[in-house]
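Presented below is the structure to which this report refers.
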Amino acid sequence: MPRDLLVSQSAPIRLLNKTSHILDAVCTWLEATTLSHTMKTIEWTIPAVQTVHILAVATVVTPVLMIDLRLLGIGARELAIGSIANRFFPYVWWPLPVLLATGIALIAAEPSRTLKNPIFLLKMGLLIAAAGVTLGCQIPLRRDAEFWDRNAARRRTVRLMAIASLSLWIAIIFAGRWIAYVQGS
Ligand code: HEM
């Protein structure tokens with residue numbers, strides 16, 4: 001096989017190996033932390049942290065549902081999109097640091113089971129996409145509370161964003177639950 005072909009093909013493989021080595025190093029470092037030791041030795045810590053994680057999930061998903069159902073014209077049609085957004089968007093963002101903190105504690109309990117788990121990596125990708133769609137809907141409303149009501153094209157766009165948002169958050173919940181059932185590499 002020509003040499004240059006060998007080198008170009010091995011580039012993605014080299015990147016994968018490098019990423020896997022970095023992940024191994026992070027897992028080894030996390031395993032040695034006090035947090036990991038506490039999560040593994042004190043019995044009630046994992047279920048307690050999982051419970052807080054699930055409560056934070058409920059706290060994020062409820063306002064997402066309120067906003068997206070209004071954007072789809074299903075719920076609270078008597079209320080303007082701008083007022084629904086102002087009321088519920090803050091409740092989408094503040095539980096995220098709680099999810100991150102509890103998520104990191106759950107990762108520390110079994111780093112290699114989570115960090116090298118394709119479902120966990122998928123979940124993090126979905127979370128970035130969901131945050132992007134949520135911001136994409138929220139930012140124009142900060143400048144103009146009736147931004148999404150101005151014309152038919154914007155109404156269509158925001159309905160598509162609401163469908164994307166609902167699908168992404170539901171997919172994140174499925175991925176969160178499936179982490180435990182899929183083996184990492
Ligand atoms: C912000 C970053 C987040 C991190 C780092 C994170 C991390 C994790 C980890 C490590 C687990 C445990 C998996 C296991 O060992 O079984 C988990 C479970 C879960 N996560 Fe997250 N998560 C995050 C955000 C979210 C969000 C935004 C949602 C949903 C809106 C979510 C929903 C779930 C669910 C439903 C479970 C399963 C809980 C259970 O049944 O015990 N997570 N998460």
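The values are calculated or read from the model by the stated rules, or taken from the named source; none is laboratory data. It should be emphasised that the depicted structure is a prediction, and the values quoted were computed from it without experimental measurement. Here Cβ is always computed from backbone atoms with ideal geometry, including for glycine, and neighbour counts include all displayed protein chains. Only protein heavy atoms, including side chains, enter the accessible area calculation; ligands, DNA and RNA are left aside. Shrake-Rupley method; radii C 1.70, N 1.55, O 1.52, S 1.80 Å.
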Next item on the list: Compute the long axis of helix 118-143 from its Cα atoms, compare it with the longest principal axis of the Cα atoms of the chain, and write down the angle in degrees, 0 to 90, nearest 10.
Entry: 30
Next item on the list: Sort Lys18, Lys40 from largest to smallest accessible area, using a 1.4 Å probe on the heavy atoms of the protein chains.
Entry: Lys18, Lys40
Item checked: Using alpha-carbon coordinates, inclination of helix 45-71 to the longest axis of the chain, degrees -> 30
Item checked: Volume of the Cα convex hull of the chain, divided per residue and given in Å³ -> 165
Check: Which percent of the accessible area of the chain is formed by carbon and sulfur heavy atoms (probe 1.4 angstrom)?
Finding: 69
Next item on the list: Would you check the accessible area of Phe120, probe 1.4 Å, heavy atoms only, in square angstrom rounded to 10?
Entry: 20
Margin query: Suppose all protein chains stay in the model; what accessible area per residue would a 1.4 Å probe give for the chain, in Å²?
Written below: 62
Check: For Trp29 and Leu160 in the same chain, what is the full-extension length gain: residue separation times 0.36 nm, less their Cα-Cα distance, in nm?
Finding: 42.9 nm
Check: For the Cα atoms of the chain, what angle does the longest principal axis make with the long axis of helix 95-109, in degrees from 0 to 90, nearest 10?
Finding: 20
Checklist line | Spatial separation of Cα centroids for the stretch 22-80 and the stretch 128-185, in angstrom | finding: 17
Item checked: Pairs of Cα atoms farther than 18 Å apart, the stretch 96-174, % -> 53
Notebook entry, point to check: Using heavy-atom solvent-accessible surface (probe 1.4 Å) with all chains present, what is the largest-first order of Glu31, Glu146, Glu78?
Noted result: Glu78, Glu146, Glu31
Next item on the list: Rounding to the nearest 20 debye, state how big the charge dipole of the stretch 41-185 is about its Cα centre with +1 on each Lys and Arg Cβ and -1 on each Asp and Glu Cβ.
Entry: 440
